[in-house]
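In what follows, a structure is listed as structure tokens, so that the remarks can point back to it.
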Amino acid sequence: MSFSYPSDNFDYQLLDTGAFQKLEQFGPHRFCRPAPQALWPKSLPASEWKKAEGEYKYFKGKDTGGEWKIPSSLPENGWQIKFQNLVFKVQPTGFGHIGLFPEQAPNWLWIIDQLKQLNGKEIKVLNVFGYTGASTLAAASAGAHVTHLDASKGSVNWARENLELSGLGDRPVRWIVEDAMKYMQREHRRDNKYDAIIMDPPSFGRGPKGEVWQIEDKLSEFMEACQNILNDSPAFLLFTTHSPGFSSLTLENMLKTYLPSTQKGHFETGEMFIPDTSTGLHLPNGFFCRYRANARG
Ligand SMILES: C[S@@+](CC[C@H](N)C(=O)[O-])C[C@H]1O[C@@H](n2cnc3c(N)ncnc32)[C@H](O)[C@@H]1O
């Protein structure tokens, strides 16, 4: 398995982890957020942790749902950070997020690589549960026709802004604010097909009309919907999760069971992580399963 982390040319750094917290640098601003998986002690001195401008804390006795303590000096409309040629706006949001999932960085490069290997062939990529669009930007930057779908209008607008900031505003990207299942079932009825799907389903979510997404209840139906809208020979699939119990082997088993078209290609699975620059430890952050039709990469 090759899953090295591309730390160079990235204005993000995981500075330290431990005592169930992580210390992160997003461009010029430093944050402290919960990391329930950081079971070991912190490595940097308290003076470094105190430099965090913003801190997100779970409500007492809970491991989800919490609140930010942020100084008024932070830019109200966010700020920009770069990953290679891509530019992302970041800012603290609900659920303790900052608008970017840095553990996905190796996958952004993998997406670009898959597309480069198609030697200019134009393909249709669906990025479902696309959030602020990092994977959409990666795919669009490498020449794909991308459909970016998310239930949240705010996230879709943020993704559009990121595409513009990255100088990719002229790329063929369709923006869809919809419930994932509803959209995919409609695409099936219209007989619209895709060559690749990027999917990062949350544990729980809601569509714009309150449609409930609960991963354990919906994943089989979701896989069937993927099969129905995929071409006979998909170019690639990227499937990631952050849900407890959904390991990389579970993801691979789901793809192999529900997507018979993947019999022809190659699978790669593993655990996503972010390297902690002070200890050299890898902070675990979910699982991936990647499928590609071609032999290398
Ligand atoms: C884990 S985030 C995805 C992160 C993204 N793939 C990335 O790497 O930046 C989950 C996203 O799913 C969206 N979502 C939740 N329920 C949904 C639903 N029923 N249909 C479509 N999107 C949904 C949320 O709005 C959120 O943006």
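The values are calculated or read from the model by the stated rules, or taken from the named source; none is laboratory data. Since the structure is predicted, the reported quantities are computational estimates derived from the model, not experimental observations. Every residue, glycine as well, gets a Cβ built from its backbone with ideal geometry; the counts of neighbours run over all protein chains shown. What goes into the accessible areas is simple: the full protein's heavy atoms, side chains included, and nothing from ligands, DNA or RNA. Shrake-Rupley method; radii C 1.70, N 1.55, O 1.52, S 1.80 Å.
How much of the DSSP beta bridge set in segment 102-292 is antiparallel, as a percent to the nearest 5?
50
Please list 3J(HN,Hα) in residue order for segment 12-21, calculated via the Karplus relation 6.51 cos²θ - 1.76 cosθ + 1.60 where θ = phi - 60°; whole Hz, with x for glycine and proline.
9, 8, 8, 7, 6, 9, x, 6, 6, 9
Looking at the square roots a ≥ b ≥ c of the eigenvalues of the Cα gyration tensor of segment 195-256, which shape do they give, rounded for a/c under 1.5, prolate if a/b is larger than b/c, or oblate?
oblate
Quick one: net charge of residue 133's neighbours, Cβ under 11 Å, K/R +1, D/E -1?
Neighbourhood net charge equals -1.
By per-residue mean of other Cβ atoms within 10 Å, what is the highest-first order of 113-124, 272-283, 13-24?
Highest mean packing first, the order is 13-24, 272-283, 113-124.
On alpha carbon coordinates alone, what is the Rg over Rh value for segment 102-292, Rh being the Kirkwood radius?
Rg/Rh: 0.94.
Too long at a 29 Å Cα-Cα cut-off: which of 116/256; 209/264; 42/218; 60/182?
Among 116/256; 209/264; 42/218; 60/182, the Cα-Cα distance tops 29 Å for 209/264; 42/218; 60/182.
Dipole size in debye (nearest 20) for segment 102-292 around its Cα centre, Lys and Arg Cβ +1, Asp and Glu Cβ -1?
The dipole of segment 102-292 has a size of about 520 debye.
Could you tell me what percent of the accessible area of segment 102-292 is made up of carbon and sulfur, with a 1.4 Å probe and every protein chain present?
Whole-percent figure for carbon plus sulfur exposure: 48.
Compute the Cα gyration tensor for segment 96-153, then decide on rounded, prolate or oblate, letting a ≥ b ≥ c be the square roots of its eigenvalues: rounded whenever a/c is under 1.5, prolate when a/b is larger than b/c in the other cases, and oblate in all that remain.
The shape class here is oblate.
For the chain, what does the accessible surface come to per residue with a 1.4 Å probe? Please give it in Å².
It amounts to 46 Å² per residue over the chain.
Could you work out the local net charge near residue 196, counting Lys and Arg as +1, Asp and Glu as -1, over the other residues with Cβ closer than 12 Å to its Cβ?
+3
What ³J(HN,Hα) values, in whole Hz, does the Karplus curve 6.51 cos²θ - 1.76 cosθ + 1.60 give for segment 180-186 when θ = phi - 60°, with x put for Gly and Pro?
My calculation for segment 180-186 gives 4, 4, 4, 5, 5, 5, 5 Hz in order.
In whole percent, what relative contact order does the chain give with Cα contacts below 8 Å and a gap of six or more residues?
15
Kirkwood hydrodynamic radius for segment 116-214: how many Å is it when counted over pairs of different Cα atoms?
Evaluated on segment 116-214, it is 13.7 Å.
Search the structure for amide H atoms under 5 Å from the amide H of residue 207, placed 1.01 Å from N in the peptide plane, and list their residues when 5 or more places away or on another chain.
So residue 207 has HN proximity to 212, 213.
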